[in-house]
Amino acid sequence: MGDVGGPARPGAPLPTFRWEQIRPHNLPGDKWLVIERRVYDISRWAQRHPGGSRLIGHHGAEDATDAFHAFHQDLNFVRKFLQPLLIGELAPEEPSQDGPQNVQLLEDFRALRQAAEDMKLFEAKPAFFALLLGHILAMEVLAWLTIYLFGPGWVPSTLAALVLATSQAQCWCLQHDLGHTSVFRKSQWNHVAQQFVMGQLKGFSAHWWNFRHFQHHAKPNIFHKDPDVTVAPVFLLGESSVEYGKKKRRYLPYNHQHLYFFLIGPPLLTLVNFEVENLAYMLVCMQWTDLLWAASFYSRFFLCYVPFYGLPGVLLLFVAVRVLESHWFVWITQMNHIPKEIGHEKHRDWASSQLAATCNVEPSLFIDWFSGHLNFQIEHHLFPTMPRHNYRRVAPLVKALCAKHGLNYEVKPFVTALVDIVGSLKKSGDIWLEAYLHQ
């Protein structure tokens, strides 16, 4: 039985470890994880992990097998990087996961993934994504032509802003596909294309987006691991409501957060929070290529519209577009998550953790396009690298898996999903107030 970590010697029997020996290795400078029952010491290598040290670190002292399969296309290529980090394997009598687990669910989910691979559901249709890019570029041209042909009056400007906001929203969707390497077979092609869409067409950093978004996928709705729900003290979600109430914390009137959400949530997320966070990330992490891509967006935008509006008018148009797209971003991305379970780490298996944090919205041709197929949030979270045009095909298989194991496969009407965001915020605020007054 192994006691200390160290690179496995080629040809020598692998040391074996029990979970009680692995658990302590979940510290900032001391990280082990388990993949396919093999134990790896990622302590020094984590900083070089392409997805970021936080992402891989969130799986410290855990079985990361399903996350490993979910995030990587070419497993044989990635395993080459794992080999030098190998220090041992789980003892034969040890379960594949630490803590309570449903072995049959694990086996059935992995069989489902294999079935999806056999059905070629991880293969993209180039024409689908080419059409998406084409209609984005067409909207950019249409907006400019509207001002060129009809002048910078209020009506043409309003139409142009709506078209540009729609284009920007669809850019979010396409860069999201590219970030998950679900468009091209080669990861590098996805990364280059994402930099173009995110940088030239949106003015943001692809690396910044991947840094925060992959954490969301690894640990959805988990405080301090998912940036999307680590929003206290501005908003209280899930378990944080009780915690803040018991500790008598009142930085804002949280029992009214469902109301001030309309003032600072949808209008300002992209315009203020994302712009500042994105710029800070590029400067602090020295992502100079991303900074140049972002600069190319602003140069193009201002050169296209300054002749019509002048500098103050262009700034007003830019703010209007960002506010409009911000509304889209908040409502569409949060309708599947905010009303679900939000709290601290529960160390569940991959399928259970994703299902606890996600729900679907009833599909239609419009909703599929409008949401970038994020209405199939369950399927997307279970299989992040699957091209979105295949979600409809895999959905019946996922639903059958959930029915077999008594897992909640929740599907809502679109309007209900939006209303539930506000209802969830109000519920959390009421819980905070009750805890605040009675503790």
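For the reader, a short list of remarks on this structure follows.
- At most 14 other Cβ within 10 Å, DSSP loop - GluC sites (Glu not before Pro), the range 285-364: GLU345
- Solvent-accessible surface ranking, highest first, for TRP19, TRP288 at 1.4 angstrom: TRP288, TRP19
- Accessible surface of the range 16-99, 1.4 Å probe: 51 percent of it comes from carbon and sulfur atoms.
- Contact order, relative form, for the range 16-99: 40 percent (alpha carbon pairs under 8 Å, 6 or more residues apart, mean separation divided by residue count).
- Heavy-atom accessible area order for SER364, SER157, largest first, 1.4 Å probe: SER364, SER157
- Taking all protein chains as shown and a probe of 1.4 angstrom, CYS304 keeps an accessible surface of around 40 Å².
- The calculated 222 nm mean residue ellipticity attributable to helices in the chain amounts to -18000 deg cm²/dmol, summing -39500 (n - 2.57) over DSSP H runs of n ≥ 4 and dividing by all residues.
- A probe of 1.4 angstrom, applied to the heavy atoms of all protein chains, finds GLU107 with accessible area near 100 square angstrom.
- Heavy-atom accessible area for THR181, with the other protein chains in place and a 1.4 Å probe, reaches approximately 10 Å².
- Links that overshoot a 25 Å alpha carbon limit, given the list LYS246/LYS340; LYS186/LYS399; LYS248/LYS427: LYS186/LYS399
- Amide H within-cut-off set for ILE35, under 5 Å, with H built and near neighbours excluded: TYR40, ALA64
- Simple Cβ-charge dipole of the range 256-398, Lys/Arg +1 and Asp/Glu -1, about Cα centre, in debye nearest 20: 180
- Look at where the Cα atoms of the range 364-439 and of the range 210-263 average out, and the two centres are 18 Å apart.
- Whether the range 366-439 is rounded, prolate or oblate, judged on the alpha carbon gyration tensor where a/c under 1.5 counts as rounded: prolate
- Cα gyration tensor shape of the range 316-439, rounded if a/c is under 1.5, else prolate or oblate by comparing a/b with b/c: oblate
- Here the range 75-133 has an Rg and Dmax of 17.7, 52 Å, counting Cα atoms alone.
- Relative contact order of the chain, pairs being alpha-carbon contacts under 8 Å that are 6 or more residues apart, as %: 19
- For SER326, SER352, SER299, the ranking by accessible surface with the largest value first comes to SER299, SER352, SER326, using a 1.4 Å probe.
- The phi-based Karplus calculation (6.51 cos²θ - 1.76 cosθ + 1.60; θ = phi - 60°) puts the 3J(HN,Hα) values of the range 418-428 at 5, 4, 5, 4, 5, x, 5, 4, 5, 4, 5 Hz, whole numbers, x for Gly and Pro.
- Listed residues GLY60, PRO95, PHE81: farthest to the positive end of the dipole of the range 16-99 (Cβ charges): PHE81
- Annotation: the antiparallel percentage among DSSP beta bridges lying fully within the chain is about 60.
The values are calculated or read from the model by the stated rules, or taken from the named source; none is laboratory data. These numbers come from a predicted model, not from an experiment. Please note: Cβ atoms are built from the backbone with ideal geometry, for glycine as well, and neighbour counts cover all protein chains shown. Keep in mind that these areas ignore ligands, DNA and RNA; they rest on the heavy atoms of the full protein, side chains included. Shrake-Rupley method; radii C 1.70, N 1.55, O 1.52, S 1.80 Å.
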